[in-house]
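The values are calculated or read from the model by the stated rules, or taken from the named source; none is laboratory data. Please read these numbers as outputs of a predicted model, since none were measured by experiment. Glycine gets a Cβ as well: all are built from the backbone with ideal geometry, and neighbour counts include every protein chain shown. Accessible surface is based on the protein model in full, side chains and every heavy atom, while ligands, DNA and RNA are left aside. Shrake-Rupley method; radii C 1.70, N 1.55, O 1.52, S 1.80 Å.
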Amino acid sequence: MVRFVRIIPNLKLYGAPGFFMSMNQPKHEENHSLTSGKSLIWLGRWLQPTGSRAVAMSVIILALIGAVSELVYQTGGTSFAWLHLMYVPIILAAACFGIYGGIAAALVAGFALGPLMPMDVATHLPQTTFNWVIRIGFFLLVGAFSGVISNLLNGQIKRLRQTNERLVQAHEDLKNAQMMLIQTAKLESIGRLAAGLAHEVKNPLAVIQLGVDFLSRMTPPENRDAIETIQEMGDAVQRADTVIKGLLNFSRSEKLTLVAMDLNALIEDSLVLVRHEFSKNRIALEKDLAAGLPKVGLDQGKVKQVLINMFMNAVQAMGTDGSLSVKTFIEPGTPGQSVGILIEDTGSGIPVDKLDKLFEPFFTTKPVGSGTGLGLSVSKNIIEMHGGSIKIGNRTGARGVVVTIKFPVPNTN
Amino acid sequence: MIKKKILAVDDEEGITRMLKRNLESTGRYDVRTENSGSAALAALSQFLPDLILMDFMMPGMDGGEVAGKIKEDQRFSQIPIVFLSAIVKKDETKPTGSNIGGLMFLAKPVRLDDLITCIENHIRK
Ligand SMILES: Nc1ncnc2c1ncn2[C@@H]1O[C@H](COP(=O)(O)OP(=O)(O)OP(=O)(O)O)[C@@H](O)[C@H]1O
Ligand SMILES: [Mg+2]
């Protein structure tokens with residue numbers, strides 16, 4: 001389905017190009033990768049608590065030690081099996097307070113069982129004193145060991161938490177960068193729409209203006225009401241024209257801010273902003289960026305916008321499971337050399353009879369609402385303002401489109 | 001007084017009709033209207049205008065192309081051309097026309113007084 005619209009349908013005024021919308025939604029994936037870390041961080045809060053939670057845990061641990069000792073006393077030493085329950089508060093203490101917590105709990109537990117000993121010695125075998133020492137030794141060993149593990153885990157979790165915070169920050173930055181980009185891109189298309197709109201609105205305005213002038217000539221001056229009415233109509237036309245002029249000025253606020261920079265870096269930056277589209281559609285990216293490219297004067301925001309337009313067109317043409325190749329090169333030539341970028345996709349390609357329509361404003365083959373057909377016309381405009389050139393054609397020998405963009409390298413002498 | 005001949009070309013009939021009615025109402029001009037570039041070219045030898053008023057953006061042959069053809073033809077190359085453009089090329093376009101790149105431009109919508117001033121400034125005497 002091909003639409004080439006000369007008169008802008010109202011719909012399109014508000015229908016932002018498809019990619020602007022899809023760029024609003026890349027967060028899902030990252031949020032997902034953040035959540036697996038989140039559960040560990042949650043665990044970290046319980047592992048080595050601070051503040052009131054730490055106090056509460058100490059009380060619980062002491063109570064547990066007391067309860068276990070009580071159990072041992074109640075059974076009068078006839079069942080030493082209860083003793084093993086003592087490991088619970090010791091390991092808990094180690095988990096909460098690390099190696100020192102574990103050792104302290106082991107000591108407290110040992111001494112809590114102390115009074116049992118004389119009774120033990122009196123009623124049972126003589127080795128029990130020795131047994132008791134071995135118990136405390138085990139308590140200490142387990143307390144220290146689990147304390148070390150707890151400390152290691154806690155360190156890990158702390159690092160994880162920091163990484164997580166950095167990730168959240170980076171995600172936030174990226175989102176902001178995208179918003180800015182979307183903003184400038186939208187302004188740009190509003191500008192182009194304004195130009196189209198101006199053409200369509202100014203013709204009827206011209207008819208009205210000439211009609212008003214004609215009527216005012218034909219109306220006898222003594223018919224003051226009629227003259228006044230006509231006058232007001234004329235003023236209204238001028239007011240409408242002022243609005244259109246304002247829109248046109250806005251669309252021409254296309255002054256470039258040129259900074260000498262590395263085209264490769266700019267490409268990398270732009271790729272970051274579309275990588276979600278790539279991964280979402282399982283598109284493989286092949287990069288072959290030439291080393292040592294001479295710097296060229298580029299308007300960072302605008303050229304980024306061009307590159308993103310190209311990448312999004314490729315993504316949209318490929319659907320899923322395609323592959324996109326991005327290369328840069330230096331081209332010697334007269335009067336000067338230029339740096340270029342070659343973008344090749346494995347998408348649908350472009351019918352030959354459509355090739356010369358590509359750069360016309362509002363030419364699109366995409367369904368209403370997902371493409372305005374301004375991407376390429378705006379891009380071409382931007383590239384030409386840089387003194388550069390853009391060529392689009394079908395690849396030879398394979399399906400897909402190849403886009404070649406060149407920027408002149410400024411003469412250094 | 002001999003009336004000056006003006007050829008008005010615009011793809012919108014509303015505009016050519018208005019131009020004709022207005023300019024002829026002054027009693028100073030004889031206006032012929034055409035609604036496409038090719039029709040305008042065809043009318044030239046017969047009508048031989050003293051000035052051509054032409055829309056710039058027209059389907060088919062646009063104003064620039066038509067002007068190019070006229071300038072190539074020795075019989076017509078001296079006829080002054082004033083473009084009526086809906087898309088002002090510069091913010092500074094004067095109400096009575098501005099020279100942009102060697103061509104005379106008037107921004108639509110134009111006021112009749114300004115149009116007549118512009119015509120009088122450029123018409124073959
Ligand atoms: N890589 C490509 N592969 C196939 N067709 C393409 C490619 N790039 C552009 N086209 C064709 O050119 C048309 C115009 O592209 P352009 O970027 O100007 O507008 P759009 O992508 O349709 O809309 P918008 O830019 O508003 O998203 C597209 O609709 C598409 O048919
Ligand atoms: Mg596009």
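Where the centroid of each part is defined by its Cα atoms, how far is the range A:207-243 from the range A:258-323 in Å?
Result: 54 Å between the Cα centres.
Could you check how much of the accessible area of the range A:320-413 is carbon and sulfur, as a whole percent, using a 1.4 Å probe?
Solvent-exposed carbon and sulfur of the range A:320-413 make up 54 percent of the total.
How do A:69, B:25 stack up against each other in accessible area, from largest to smallest, with a 1.4 angstrom probe?
B:25, A:69
Where only protein heavy atoms count, and the probe is 1.4 Å, what is the accessible area per residue for the range B:4-122 in Å²?
Solvent-accessible surface per residue comes out at 43 Å².
Taking the Cα centre of the range B:4-122 as origin, work out the dipole magnitude from +1 charges on Lys and Arg Cβ and -1 charges on Asp and Glu Cβ, in debye rounded to 20.
Charge dipole, the range B:4-122, about its Cα centre: 260 debye, nearest 20.
Tell me the relative contact order for the range A:259-408 as a rounded percent, counting alpha carbon contacts under 8 Å between residues six or more apart.
23
Compare A:42, A:82 by solvent-accessible area with a 1.4 Å probe and give them largest first, with all protein chains kept in place.
Of A:42, A:82, the descending order of accessible area is A:42, A:82.
For the B and A pair, go ahead and give the buried accessible area with a 1.4 Å probe, both sides summed, in Å² to 100.
The contact between A and B buries close to 2100 Å².
What fraction of the DSSP beta bridges in chain B is antiparallel, stated in percent and rounded to the nearest 5?
If we restrict to bridges inside chain B, about 15 percent are antiparallel.
Of the cross-linked pairs A:295/A:380; A:357/A:391; A:295/A:406; A:302/A:327; A:202/B:4; A:354/A:380, which ones have a Cα-Cα span greater than 18 Å in the structure shown?
A:295/A:380; A:302/A:327; A:202/B:4
Averaged over peptide B:52-61, how many Cβ atoms belonging to another chain are found within 10 Å of each residue's Cβ?
Per residue, the number of nearby Cβ atoms from other chains is 1 on average.
If you roll a 1.4 angstrom probe over the protein chains with everything in place, what fraction of the accessible area of chain B belongs to carbon and sulfur, to the nearest %?
48
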